[in-house]
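The values are calculated or read from the model by the stated rules, or taken from the named source; none is laboratory data. Please read these numbers as outputs of a predicted model, since none were measured by experiment. Note that we place each Cβ from the backbone using ideal geometry, even for glycine, and neighbour counts take in every protein chain shown.
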């Protein structure tokens, strides 16, 4: 049971954001820029970073929902998502993304763990400053979201089909639009 | 030296914000709502939560700047120091001590917050809104701290700079640079 009285019928971060719509707006906007907006990293790559960090933080809801969004971006390749979570060094992803995932893992344990060598290594495989910046921020952002979702003990259903369905929708619509579905109709048209 | 090319002379998070204005905007907005806008907890209390979490994450820039903001709101640097060292022994309300306990749990991982932690805060008068915001402030600083340190930003050790920055933040909030 959640630690506070959250709106019923909603799960995970959506129930928390519905409790406090004022913060939902900046949270959705940040997710949109980092994960869904135009970028030199594909949306699938960015969602893999989000999923990996969420799995390191042990947040079931976030790793399931972002894993599903990642798979939706990657032609339904759930196996690749599983491989990245299990051991990304052996997954079939680019060397650049592996180097960025190393940085994300360091950020997850604490920002000071990232070294100049980590950044130089990512750069060697073609990563730009913007890509390194956004990797650090995606990892940091999920260290927030995971704690928000688990710290309130939100409801996190175990039915994988739910995440798959929602994942397809968010992959298509993005966070700002999909995020409004819990709000009263008047707010949705804004 | 920062891990990416950041504008020189900008300390801590302001260098990250200048590098990427698109992400700076919602990050500033979130801080403004959580720390500065009117709410059931005073801005000073909320800045103490931010400072405490930043100290636990060992982020120098964030604990110094938000410590400065807390001191400006509360008119006391001593309270800030005591909260950082041991919130249970700090001269703050029993309710705030219970909320700081929750914030510390969130910092070490969201699942660590127990029903007992929440019940204690509630018995001392904390509302759902206050518990929610405490959890989110603590979680948000697990982001800001990692962002500031993960980019290797410049964090000058200049107490008067942070005192001044804190005063500015306490007065104007976080929306504008």
Residue within segment A:109-127 that is assigned to a helix (DSSP H, G or I), touching a helix residue (DSSP H, G or I) at 6+ places or on another chain (Cβ under 9 Å) and either more than 14 Å from chain B (Cβ to nearest Cβ) or closer than 30 Å to residue B:115 by Cα (or both) present: yes
Residue match in segment A:6-15 (condition: at pLDDT below 95 and out of contact with any helix residue (DSSP H, G or I) (no Cβ under 6 Å at 6 or more places or on another chain)): yes
Verdict on residue A:102 being over 24 Å from residue B:15 (Cβ atoms) and more than 14 Å from the chain's Cα centre (by Cα): no
Where residue A:3 falls short, out of the listed (1) under 21 Å from residue A:159 (Cβ atoms); (2) buried (at least 19 other Cβ atoms within 10 Å of the Cβ): (1)
Some residue of segment B:129-152 being surrounded by fewer than 19 Cβ atoms within 10 Å (Cβ to Cβ) and assigned to a helix (DSSP H, G or I): yes
Flag if residue A:76 is without any contact (Cβ under 8 Å) to a residue 40 or more places away in the chain, farther than 28 Å from residue B:133 by Cβ and assigned to a helix (DSSP H, G or I): no
Matching helices (runs of 4 or more DSSP H) fully within segment B:12-124 where at least 1 residues are surrounded by fewer than 18 Cβ atoms within 10 Å (Cβ to Cβ) and within 14 Å of chain A (Cβ to nearest Cβ): B:13-19, B:21-31, B:94-108, B:115-123
Evaluation of residue A:101 against (1) within 10 Å of chain B (Cβ to nearest Cβ); (2) in contact (Cβ under 8 Å) with a residue 40 or more places away in the chain; (3) surrounded by 20 or more Cβ atoms within 10 Å (Cβ to Cβ); (4) assigned to a helix (DSSP H, G or I) (one fails), failing number: (1)
Hey, residue B:137 within 9 Å of another protein chain (Cβ to nearest Cβ) and closer than 23 Å to residue B:74 by Cα or not: no
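For (1) at pLDDT 95 or above; (2) under 21 Å from residue B:21 (Cα atoms); (3) touching a helix residue (DSSP H, G or I) at 6+ places or on another chain (Cβ under 7 Å), each residue gets a yes or a no:
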| residue | (1), (2), (3) |
| --- | --- |
| B:117 | yes, no, yes |
| B:126 | yes, no, yes |
| B:129 | yes, no, no |
| B:133 | yes, no, yes |
| B:139 | yes, no, yes |
| B:157 | yes, no, no |
| B:161 | yes, no, no |
| B:168 | yes, yes, no |
Members of segment B:85-117 found to be over 18 Å from the mean Cα position of the chain (by Cα) and under 15 Å from residue A:3 (Cα atoms), listed by number: B:111, B:112, B:113, B:114, B:115, B:116, B:117
Residue within segment A:63-72 that is modelled with pLDDT of 95 or more, surrounded by fewer than 19 Cβ atoms within 10 Å (Cβ to Cβ) and touching a helix residue (DSSP H, G or I) at 6+ places or on another chain (Cβ under 6 Å) present: no
Selected residue [in contact with a helix residue (DSSP H, G or I) (Cβ under 6 Å, 6 or more places away or on another chain) and surrounded by fewer than 24 Cβ atoms within 10 Å (Cβ to Cβ)] from A:86, A:92, A:78: A:78
Residue that is nearest to residue A:155 (Cα to Cα), among those in segment A:41-67 that are more than 12 Å from the chain's Cα centre (by Cα) and more than 13 Å from chain B (Cβ to nearest Cβ): A:42
Residues (in a helix (DSSP H, G or I), more than 9 Å from chain B (Cβ to nearest Cβ) and under 29 Å from residue B:24 (Cβ atoms)) located in segment A:136-165: A:138
